[in-house]
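Heads up, the thing below is written out as structure tokens.
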Protein chains: 2
Amino acid sequence: MHSLQSLQKIIKEGIADLTFDKQPVELYSPINYILDLGGKRLRPVLCLLACDMFGGNISNALDPAIGIEIFHNFTLLHDDIMDQAPIRRGKSTVHEKWNPNVAILSGDTMMALSYEFIMKTPEKVRSKIFSAFNQTAIEVCEGQQYDMNFESQNDVSIANYIKMIRLKTAVLIAGSLKIGALVAEASPEDADNIYRFGENIGIAFQLKDDLLDVFSDEEKFGKQNGGDILANKKTFLYLKAFELADSKTYESLHFFFNKDFDNELEKINGVKEIYETLNIDSITSKEIEKYFNRGIKFLDKINDADDRKSELIKFADQLKKREF
Amino acid sequence: MHSLQSLQKIIKEGIADLTFDKQPVELYSPINYILDLGGKRLRPVLCLLACDMFGGNISNALDPAIGIEIFHNFTLLHDDIMDQAPIRRGKSTVHEKWNPNVAILSGDTMMALSYEFIMKTPEKVRSKIFSAFNQTAIEVCEGQQYDMNFESQNDVSIANYIKMIRLKTAVLIAGSLKIGALVAEASPEDADNIYRFGENIGIAFQLKDDLLDVFSDEEKFGKQNGGDILANKKTFLYLKAFELADSKTYESLHFFFNKDFDNELEKINGVKEIYETLNIDSITSKEIEKYFNRGIKFLDKINDADDRKSELIKFADQLKKREF
């Protein structure tokens, strides 16, 4: 059995080796650029972890794992156009460095490339892996559409928010695990259990992101707190605060979220203070814990890999406790 | 063996039946919208024709044929954003009717949906069909990138132009035929021959498009002549005219293509006159004939379907002779 660290190393090297040295360069340069920006490589590592956990040959999972990472970066590329984001991982986004047309088309190409890698799997499991991947791909698009809808929607419920982050973020984490399990020829029940584990961990992961945006050690987090607040983003914290607020607090929240402030800190600190009064910090942490534990329950249902779950639990625990 | 007409009917009905009645509607409405805009349905019909020609069961080719049409419409959707085109088939483009973000994301979803249909093929041939499709998908993106590059490039050769239209247009026509052949379990040689037939017919098809834009009966063509001229598009006609022009004619061409005219007809007629002087009309027609005949030669290499080629030749001939 492989350690988490050794799997992370395999993925890091696999992606570093990945250079699309093809013509036209205008199409492939942005692809190489975004894949070189780094990142946690969370999804491909989870794919290998799951494969390993079910006793599979991880060398059979490497290509689909890379395919998943290419797909994930494709979604970032297109999301950044839609969000008009100037910066990704401290560097210019593709549509800024080149232009939106290049970003659209490189993204499309990445999507096709991701299928290429996904399908580089043993014939026996290829169709199942394709189905798991493609369902996920469609759901990620649905999640992004809900996210865009929410921007102009004033009645977003927490249930709808959870549904959105499940689609936009959690299903790809879940799908990565399931694909790793399928490579290892896990039973349909176990593939489903690991998927449901990932789905819940994925929701916890996104809630943790929401939390870190407001309550984190800025130095460790690597960026200034309050980005979501400035963008008036309807995160779990935002929705929970509106839900719990009495009429006066509600008005204050409304005031902060509907006004542009010359001094950004005034807005961030104003909202943060309300969040603190309402205990949003610990409520969110409890919610994270809830989804984390739900996830673990699905992992518990998997019987025959009991001794092999440790690396996966360790990794999930790291995600929960992470400060960046 | 099915007649061309009956296959066209099957495709028309298959696509008419295709409604994505899913949530979020903001994502799926544009998909239903663009698929309902109509069009020749050229590619899926070719897919069924090829399957039928090789004695395959066309009901096995219907899903991949629909997948190809979804993919084709996805490329139109994203190309229209990149070209900022306001109109497609007489109706508003998706990015105009909704907005560019919706168009990006609906397009992404269509791409995933196209794979879904492509993979609904008998297990035995599924991987081969996937490979043929995915290579095509990547090449279509490359072709679109070359097309965008050419806009700002002043040294586009005719050879490079042919390469571009081969990638952007011809390979999907070729791939449609090959996929139909693969469904019918044609030999690798025959699948390659029908592909090469399609590649050449596809180039002829695009050259015909270039020609019709300038020299066509406007009433039959359904739109005003000269769209490519107004857009300063480097078509075969444009490149050939620059190649053949003496220095005085070269200057005239340069004049027309580097100036905005208040009166559009002045520009169109000015260029058209030069094309006429240089015999560009008949030179282009000869070029179309050349690629058409090259295509037919690959069809001739296919031995055991001699009696079944008639519908395909008839269809290719219609494409060559079409006036719209």
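The values are calculated or read from the model by the stated rules, or taken from the named source; none is laboratory data. Everything numeric here is computed off the predicted structure, so don't read it as measured data. So basically every Cβ, Gly included, is an ideal-geometry build from the backbone, and we count neighbours across all protein chains shown.
Residues that are more than 12 Å from chain A (Cβ to nearest Cβ) and either farther than 30 Å from B:SER310 by Cα or hydroxyl-bearing (Ser, Thr, Tyr) (or both) within the stretch B:53-88 comprise B:SER59, B:LEU76, B:ALA85, B:PRO86, B:ILE87, B:ARG88, listed in sequence order.
Each row is one residue, and each column tells you yes or no for (1) modelled with pLDDT of 95 or more; (2) in contact with a Lys or Arg (Cβ under 8 Å, 6 or more places away or on another chain); (3) farther than 20 Å from A:ASN149 by Cα.
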site	(1), (2), (3)
B:TYR33	yes, yes, no
B:ARG43	yes, no, yes
B:THR75	yes, no, yes
B:PRO86	no, no, yes
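When the stretch B:205-255 is filtered for residues that are loosely packed, with under 15 Cβ neighbours inside 10 Å and acidic (Asp, Glu), the ones remaining, listed by number, are B:ASP217, B:GLU218, B:GLU219, B:GLU243, B:ASP246, B:GLU251. When the stretch A:279-297 is filtered for residues that are among the hydrophobic types (A, V, I, L, M, F, W, C) and surrounded by fewer than 20 Cβ atoms within 10 Å (Cβ to Cβ), the ones remaining, listed by number, are A:ILE283, A:ILE296.
For the stretch A:54-73, a residue qualifies if it is aliphatic (A, V, I, L, M) and part of a helix (DSSP H, G or I), and the qualifying residues are A:ILE58, A:LEU62, A:ALA65, A:ILE66, A:ILE68, A:ILE70. Pairs linking a residue in the stretch B:303-324 that is in a helix (DSSP H, G or I) to a residue that is small (Gly, Ala, Ser), with Cβ atoms under 8 Å and 6 or more positions apart or on different chains, are B:ARG308/B:GLY55; B:GLU311/B:SER3; B:LEU312/B:ALA50; B:ALA316/B:GLY295; B:LEU319/B:ALA204; B:LYS320/B:ALA204. Taking every residue in the stretch A:156-176 that is polar (S, T, N, Q) and pairing it with any residue that is in a helix (DSSP H, G or I) and at pLDDT 95 or above, at least 6 positions away or on another chain, the pairs with Cβ-Cβ distances below 6 Å are A:THR169/A:GLY202; A:THR169/A:GLN206; A:SER176/A:ARG43; A:SER176/A:LEU46; A:SER176/A:CYS47; A:SER176/A:ILE68. For the stretch A:89-104, the tally of residues that are surrounded by 22 or more Cβ atoms within 10 Å (Cβ to Cβ) and touching an Asp or Glu at 6+ places or on another chain (Cβ under 9 Å) stands at 4. Taking the criterion of being free of Cβ contacts under 8 Å to residues at least 60 places away in the same chain, within 7 Å of another protein chain (Cβ to nearest Cβ) and polar (S, T, N, Q), the residues of the stretch B:101-134 that qualify are B:ASN101, B:SER127, B:ASN134. Considering the stretch A:63-81, and only residues there that are touching a Pro at 6+ places or on another chain (Cβ under 8 Å) and of a type in the set (A, V, I, L, M, F, W, C), the residue that is nearest to A:VAL183 (Cα to Cα) turns out to be A:ALA65. Within the stretch A:52-64, one or more residues are free of Cβ contacts under 8 Å to residues at least 12 places away in the same chain and of a type in the set (Ser, Thr, Tyr).
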